[in-house]
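Chemist: The structure that follows is given in the form of C-alpha cells.
Nothing in this text is a laboratory measurement; each read-out follows from the coordinates by a stated rule. These figures come from a predicted structure and were not determined experimentally. Cβ sites come from the backbone with ideal geometry, for glycine too, and all protein chains shown count toward neighbours.
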Amino acid sequence: MTVFSRTDRSILGQWWWTVDRAMLAGFAVLALFGVVMVLASSPGIARTLRLSSEGFFIVRHLVFLVPATCLLLAASLLAPRGVLRLAVAMLAVFGAMLLSTLLFAPEIKGSHRWIFPFGLQVQPSEFVKPALAVVTAWLLARFEGLAGLPEALLAVGAVVLVLVLQPDLGMTVLTLAVFAAQLFVAGLGWFWIAGLAGMAVAGLLGAYALFPHVQARIDDFVDPTTEVYQVEKAMDAVASGGLFGKGPGEGQVKFTLPEAHSDFVFATAVEEYGALACLAVVAVFATIVLRGLVRVQACEDRFVQLAGAGLVVQLGLQAIINMAVNLNLMPTKGMTLPFISYGGSSMLALAFGMGMLLALTRRGARLR
C-alpha cells in the first residue's frame, strides 16, 4: 500500500509515480552508509586535531546531511525548465565565487579552492560542476547536431581556466571528461573523440611539466620504491580488512590515516566491513549510474538526454576516481566519495546535482 493513489494529481503524487524510486533508494543507502563510516572514521582525526569532541565531524556531517536531503528532494520536484533555471542561477552565483578564489582564497594544500563567507568553508567548484553540466547541455541542445558547440566550449573553457589557475587539476579533468561524454551523446564522431583523447594526454604532459605537485604525485605513483604515507596506510587498511572486515569500529589504521573520514573513507570501510561489503557499495553506485543512463536514453528530449548523461557520468567518474585512489590504482587526488565521505560543500553540491538528475529522469520529463 502506498501513500499516494495513482489518480493523485498533486505535486507530490505526480512526483511519487514518475520519479525513479530505485535511484532514490540508492542515494538513501549511500547516505546511510556515509553516516556509519564518518561516525567510525572521524574520532581519530578529531583527536589528532585536538578538537573539543571526538564526535565533532559526525555532528557536522549530520548538520549538512539534513539540508542536503531537503535540497535533493526539492530539486527532484522540478520540471526540466525549472532544473535549467536552477542550474543557470547556480552557475552565476558560484561561478562568481569560483572566480573570487583567485583573489581572496587562502592557499590550502597548495591550491586556492576554498573561500570563507560568513565563517563557512565553501568550495565553489563543487557547485559549479553540476550546474555547468546542465547549462552546457542546454547550449548543445538548442540546435541540431553540434551547432551549439562554440557557446558550450566558451562556458566550459572559462570554468576550466579558473580551475587550472587555482590549481585544481582533478576537478579540471572531471569537468572535461563530463563535457566529452556530453559531446559523444550529442553526436561527436569517433575521429574527434580520438582527437580529444590526444589533447587530454597532451594536457596531462603539460600539467606534469608545469606543476611540481602533479609531477611529484605521478612520480610517486609510477616509482614502486617510493612510499606515500597516505597510500601506504590505505593499502594497509585494505589488506587487513580482507573479505569480511574486522567488524564495526574495530579498524585501527583509521587512527593514523590522514583524511580517513573524507578522501580515504573507502579504505577505512574495507578494513571494518570487508571487501564484500564494499563491493555492495560499488554495486549501488553502478545501479544508480546504469538506471540513470537507461532513463535518459529512453527520453526523446535532447536537453534531458545531454543534461542527464552529464550528471550521471559526473557521479560515476567521481566515485571511480575516489575508489581508484584508495586502492592505489591512480595517483592521489583530493576527491570525495559521493554521499559517503565527510565534506559540507561536496554533500550539498551532490544533493543539488542528484536532485536535478532525479527530476530529469522522471517519466515524461521534457524541456519543451
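Chemist: Gain in length, Ala28 to Leu276, computed as 0.36 nm per residue apart minus the alpha-carbon separation, to one decimal in nm?
Modeler: 87.3 nm
Chemist: So, one more: Can you pull the Rg over Rh of the chain, Cα-only, Kirkwood?
Modeler: 0.96
Chemist: Kirkwood hydrodynamic radius for segment 101-181: how many Å is it when counted over pairs of different Cα atoms?
Modeler: By the Kirkwood definition, the hydrodynamic radius is 13.6 Å.
Chemist: Which order results if Leu204, Leu188 are arranged by neighbouring Cβ count within 10 Å, fewest first?
Modeler: With the fewest neighbours first, Leu204, Leu188 line up as Leu204, Leu188.
Chemist: Check every DSSP H run in the chain and write down those whose alpha carbon atoms cover 20 angstrom or more along the long axis and whose mean Kyte-Doolittle hydropathy is -0.5 or greater.
Modeler: Sorted by number, the helices that extend far enough and score high enough are 21-48, 56-76, 80-104, 124-141, 149-165, 169-186, 190-210, 265-298, 302-326, 344-360.
Chemist: A further question follows. Using +1 at the Cβ of each Lys and Arg and -1 at the Cβ of each Asp and Glu in the chain, identify which of Ser42, Thr256, Pro80 lies farthest towards the dipole's positive end.
Modeler: With unit charges placed on the Cβ atoms, the residue in question is Pro80.
Chemist: At 222 nm, what helix-only mean residue ellipticity would the chain give, in deg cm²/dmol to the nearest 500, using -39500 (n - 2.57) for each DSSP H run of four or more?
Modeler: That calculation yields -24000 deg cm²/dmol at 222 nm.
Chemist: Compare the peptides 139-148, 309-318 by average per-residue count of other Cβ atoms within 10 angstrom and give them in order, highest first.
Modeler: With the highest mean Cβ count within 10 Å placed first, the list reads 309-318, 139-148.
Chemist: So, by mean Cβ neighbours within 10 angstrom, what's the order for 352-362, 240-250 with the highest one leading?
Modeler: The densest-packed peptide leads the list: 352-362, 240-250.
Chemist: Using only alpha carbon pairs under 8 Å that are at least six residues apart, calculate the relative contact order of the chain and give it in whole percent.
Modeler: Contact order relative to length: 28 percent.
Chemist: Could you compute Rg(Cα) / (2.2 N^0.38 Å) for segment 143-268, with N its residue count?
Modeler: For segment 143-268, the normalised Cα radius of gyration is 1.43.
Chemist: Mind putting a number on the dipole of segment 11-360 about its Cα centre? Charges go on the C-beta only, +1 for Lys and Arg and -1 for Asp and Glu, and I need it in Debye to the nearest 20.
Modeler: About 740 debye.
Chemist: By its C-alpha gyration tensor, with a ≥ b ≥ c as the square roots of the eigenvalues, how is segment 20-137 shaped: rounded for a/c under 1.5, else prolate for a/b larger than b/c, else oblate?
Modeler: It comes out oblate by the Cα gyration axes.
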